[in-house]
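Q: Attaching a single structure in structure tokens format; questions to follow.
Each reported figure results from applying straightforward, stated rules to the coordinates on display, with no laboratory input. The structure presented is a predicted model; accordingly, all values stated were derived computationally and were not measured. Using ideal geometry, Cβ is built from the backbone for each residue, glycine included, and neighbour counts are taken over all protein chains shown.
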Amino acid sequence: MDTKAFKRSLQQSENYHRRGFGREEEVEGMLKTEYQSNLIGEIRANNNTLRRGDVTVRLAEAFGFCWGVERAVAIAYETRTQFPNERIWITNEIIHNPGVNQRLREMNVGFIETIEGQKDFSSVQSGDVVILPAFGATVQEMQLLNDRGCTIVDTTCPWVSKVWNSVEKHKKRDYTSIVHGKYKHEETLATTSFAGKYLVVLNLTEAQYVADYILNGGDRSEFLAKFQNACSEGFDPDFDLDRLGIANQTTMLKSETEQIGKLFERTMLQKYGPTELNDRFMAFNTICDATQERQDAMLELVEEDIDLMVVIGGFNSSNTTHLQEIAIEHGIPSYHIDSADRIGPGNRIEHKPLERDIEVTENWIPEGKLVVGVTSGASTPDKSVEETIEKIFQLKAVALV
Ligand code: SF4
């Protein structure tokens, strides 16, 4: 499929919307009540610090809802207002936050189910309205919905679209897109649907494996087995690694994306020499500002004297997980929760350690003086952060005023 031509024609269709419906003021009050927090506003104004009794809470300088997420949620709310009687669907979670998705369910927005790894669009009919989430949808899904005569409301974050443009450029010049991301993540699935040849690498270790293969060759079968779900159909490491373009899932660890880009640049330089580098390697900066700011703020926070860290965000939220990783790398006990409901009853917390299932820790708040660092992922409303802070204070039996 000529994905670029398809996108262009879709954008000209009167059934395609990507800018909301001019109803911002109508939904503003609702969004404010449901997601914003006065307490967080006060803490921000107080140098991101709140002290009550023995507990000091230190908030990261940047955290929570990013611009792209706020925009997507607002457009989804506007959609409900614009189409009060139509059936509305969303192809996936609007963002990785259970509370926000639940609110949409309450507003009678249906979520397309995934059955045995496949999206089931059988209930979607002509005339239905279908929202595409902030991290986008695959080009095949867009085509199916367009062919079925649906109204498409596309809330894909422009930062994600920027990555799609990058892989389109790789494809045009017959480069293989090396995508730093999680091959199963919805955003990466969408990105690779626009790519020609591609290979998804999860981290620097996988990237190094590929770089070594480029320089020294290796076991082709082992390579293909290792990346069996993470490459384009018919990908052949012996032929498809001679021209590379770098792309990324926007929420990966920024430092790692940069290292991977540099690694492949060095690799192509070493293999083909400086005169050929421009014809062999292409990279654009596609790490989104919000991801960068939240990670930078976390890197500053972990340099402080913090006793423990609470990271709030969906368990399937990639950017939240990376914030957690930073705390762990700095040796700070860290608890990843997806809502304040995970705290209690009593001094217990249900949380998700990195790369492990959810577990319960008893007596997680120690006695005595305590400095708690708090941050949240780009899909977490301030309300969740406020509720978490309130619970921590309650645990220390300190009333918030
Ligand atoms: S994290 Fe970045 S790419 Fe993702 S929605 Fe927010 S602004 Fe957009």
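Q: Could you list 54, 174 so that the one with the fewest beta carbons within 10 Å of its beta carbon is first and the one with the most is last?
A: Ranked by crowding around the Cβ, least crowded first: 174, 54.
Q: Sorting 351, 170 on the 10 Å Cβ count, fewest up front, what's the list? Write out the running numbers ahead of the final one.
A: Details: 351 22, 170 25.
The fewest-first ordering by Cβ neighbours comes to 351, 170.
Q: So, in Å, what gap is there between the alpha-carbon centers of the stretch 94-136 and the stretch 1-53?
A: Their Cα centres are 17 Å away from one another.
Q: Within the stretch 50-66, name every residue whose backbone N is under 15 Å away from a label modeled 7 Å from Cα of residue 36 along the Cβ vector.
A: 65-66
Q: Using the alpha carbons of the chain, what is the convex hull volume per residue in cubic angstrom, as a whole number? Write out the running numbers ahead of the final one.
A: On the way: hull volume 63.0 nm³, N = 401.
So the per-residue hull volume is 157 Å³.
Q: When 151, 188 are ordered from fewest to most other Cβ atoms inside 10 Å of their Cβ, what list results?
A: Exposure proxy ranking, most exposed first: 151, 188.
Q: May I pose another question? Springs between alpha-carbon pairs under 10 angstrom, Gaussian network model over the chain: which of 29, 181, 261 fluctuates most?
A: Result for the chain, Cα springs under 10 Å: 29 fluctuates most.
Q: Related question: Amide H neighbours of residue 110 under 5 Å, at least 5 residues apart or on other chains, H built in the peptide plane: list them.
A: When sequence neighbours closer than 5 places are left aside, the close amide H contacts are 88, 89, 90.
Q: Nearest 500 deg cm²/dmol is fine: what mean residue ellipticity at 222 nm does the chain get from its DSSP H runs of n ≥ 4 alone, each adding -39,500 (n - 2.57), divided by its residue count?
A: Values: 15 runs with 173 residues, N = 401.
Roughly -13000 deg cm²/dmol at 222 nm, from the helical runs in the chain.
Q: Hey, what do the phi angles of the stretch 279-287 turn into as Karplus ³J(HN,Hα) couplings, whole Hz, using 6.51/-1.76/1.60 and θ = phi - 60°, x for Gly and Pro?
A: 8, 10, 9, 9, 9, 10, 7, 10, 7
Q: Give me, ordered by chain and number, the residues 5 or more places off residue 376 or on other chains with an amide H under 5 Å from its own placed amide H.
A: For residue 376, the qualifying residues are 64, 312.
Q: Roughly what would the spin-label model give for residue 107 and residue 296, points 7 Å off Cα along C-beta, in nm?
A: Here the answer is 3.2 nm between the modelled labels.
Q: For a quick check, take a GNM of the chain with Cα springs below 10 Å and name the residue from 183, 272, 16 with the largest mean-square fluctuation.
A: 272
Q: In addition: Given H placed on each backbone N at 1.01 Å, which residues far from residue 201 in sequence or on other chains put an amide H within less than 5 Å of it?
A: Those lying under 5 Å, H to H, from residue 201 are 179, 180, 181.
Q: From the backbone phi of the stretch 2-8, what are the Karplus-calculated ³J(HN,Hα) couplings (6.51 cos²θ - 1.76 cosθ + 1.60, θ = phi - 60°) in whole Hz, Gly and Pro given as x?
A: Here the 3J(HN,Hα) series is 7, 5, 5, 5, 4, 4, 4 Hz.
Q: From the phi of every residue in the stretch 225-235, what ³J(HN,Hα) in whole Hz does the Karplus formula 6.51 cos²θ - 1.76 cosθ + 1.60 yield, where θ is phi - 60° and glycine or proline is x?
A: Residue by residue, the stretch 225-235 yields 5, 4, 10, 4, 9, 10, 9, 6, 4, x, 4 Hz.
Q: Using 1/(1 + (r/R0)^6) with R0 = 30 angstrom and r between the beta carbons of residue 369 and residue 25, what's the FRET efficiency to the nearest 0.05?
A: Details: r = 46 Å, r/R0 = 1.53.
Efficiency, from the Cβ-Cβ distance: 0.05.
Q: Now for a separate question. Sequence neighbours fewer than 8 away in the same chain don't count; with that in mind, list the aspartates and glutamates whose C-alpha is under 15 Å from residue 352.
A: Output for residue 352: 325, 338, 341, 362.
Q: Between 203, 15, 85, find the one with the highest GNM mean-square fluctuation for the chain; connect C-alpha pairs within less than 10 Å.
A: Per the Cα network of the chain with a 10 Å cutoff, 85 tops the list.
Q: Another question, if that's okay. Expressed as a rounded percentage, what relative contact order does the stretch 67-157 have, with Cα pairs under 8 Å and six or more residues apart? Before the final figure, lay out each step's value.
A: On the way: 127 pairs, mean separation 30.5, N = 91.
Taking the mean separation of contacting Cα pairs over the length of the stretch 67-157, I get 34 percent.
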